[in-house]
Amino acid sequence: MEGTERVLSEYRPEGLKIVRYSPIEQFIPGFSGGDVTIRFYKDPAEYKGWTGEKKQVITVAQAMKTREDALKFSIFEACTRGFPRTLYGFSNQNVSEVYWGGALTYPELKRTLRENRVFFYTCTFPAPYTMAFMEAWMTGIPIVAIGRTLAGFNIEVPDLMKNGINGFTSDSLTELREYVATLLEDYELAKRVSSEGRKKAIELFDKDKIKEQWRSFFESL
């Protein structure tokens, strides 16, 4: 990342414009500045309809155990052990078949996010947030997410969430397990967190809102 920032800084005097997708990027070593922050987007018309009838905690990641440094599989394993759980995504065959759910098609992904009760999010180095987080949050599945200390780098998720209101986040494995257990058993709480989480996700990542931000940026050039 620092090398990329160094290359970008060389072209700034020549008029290079930089679009950031998170304010957390300012903490990248050698940060070369930014002209505007425009987040990634998702379509609320596609990611919606959470019901949470399956009392299960899930996550979606590729090669999660193999990419331990980036995806923190060991944290997911520790915080979900003993609960009904499923890990979805490509290249997870080295995880116990008991809870690997295989890869999902796009329609299957949306249905899975709608039907399950809890989404456990471990972040992906070095991204401040990821598409998986956005898709889950906008769908409305309640999210339990690790904090910066467990992540080991600057993530934005703890800044976006109001703990206990629109999601749950902690750097304590014990607390994370407690949040999962509570959401699995308390459907009324899960519904409230779902509603507030989706509301915040739309506020941040709505497709039409982001489209207008890009339009405004290009018109300013």
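The values are calculated or read from the model by the stated rules, or taken from the named source; none is laboratory data. Note that this is a predicted model, so its numbers are computed, not measured. Backbone-built Cβ (ideal geometry, glycine too); neighbour counts: all protein chains shown.
A few remarks follow.
- Residue match in the stretch 71-78 (condition: without any contact (Cβ under 8 Å) to a residue 24 or more places away in the chain, on the phi > 0 side of the Ramachandran plot and not in a helix (DSSP H, G or I)): no
- Only residues that are among the basic types (Lys, Arg) and part of a helix (DSSP H, G or I) were counted in the stretch 79-113, giving 2.
- Out of Trp214, Trp137, sole residue that is in contact (Cβ under 8 Å) with a residue 12 or more places away in the chain and not assigned by TED's automatic domain parsing to the domain that holds Leu113: Trp214
- No other residue among Arg117, Arg148, Arg67 is touching a strand residue (DSSP E or B) at 6+ places or on another chain (Cβ under 8 Å), modelled with pLDDT of 95 or more and of a type in the set (Lys, Arg) apart from Arg117.
- Of the residues screened, Lys209 is not one that is without any contact (Cβ under 8 Å) to a residue 60 or more places away in the chain and not in a loop (DSSP other than H, G, I, E, B).
- Scanning the stretch 46-70 for residues that are in contact (Cβ under 8 Å) with a residue 40 or more places away in the chain, surrounded by fewer than 15 Cβ atoms within 10 Å (Cβ to Cβ) and not polar (S, T, N, Q) yields Glu46, Gly49, Glu53, Asp69.
- Among (1) under 14 Å from the mean Cα position of the chain (by Cα); (2) modelled with pLDDT of 95 or more, the one test that Pro126 misses: (2)
- Which numbered condition Gly34 fails, given (1) surrounded by 15 or more Cβ atoms within 10 Å (Cβ to Cβ); (2) in contact with an Asp or Glu (Cβ under 6 Å, 6 or more places away or on another chain); (3) of a type in the set (Gly, Ala, Ser): (2)
- Criterion: in contact (Cβ under 8 Å) with a residue 24 or more places away in the chain, surrounded by 15 or more Cβ atoms within 10 Å (Cβ to Cβ) and under 18 Å from the mean Cα position of the chain (by Cα) - qualifying residue of Val95, Val118: Val118
- Qualifying residue in the stretch 132-141 (condition: among the polar types (S, T, N, Q), within 25 Å of Gln26 (Cα to Cα), out of contact with any strand residue (DSSP E or B) (no Cβ under 8 Å at 6 or more places or on another chain) and modelled with pLDDT of 95 or more): no
- The numbered conditions (1) of a type outside the set (A, V, I, L, M, F, W, C); (2) modelled with pLDDT under 95; (3) not assigned by TED's automatic domain parsing to the domain that holds Arg6 are all true for Pro29 except (3).
- Test result for Glu25, in a helix (DSSP H, G or I) and without any contact (Cβ under 8 Å) to a residue 60 or more places away in the chain: no
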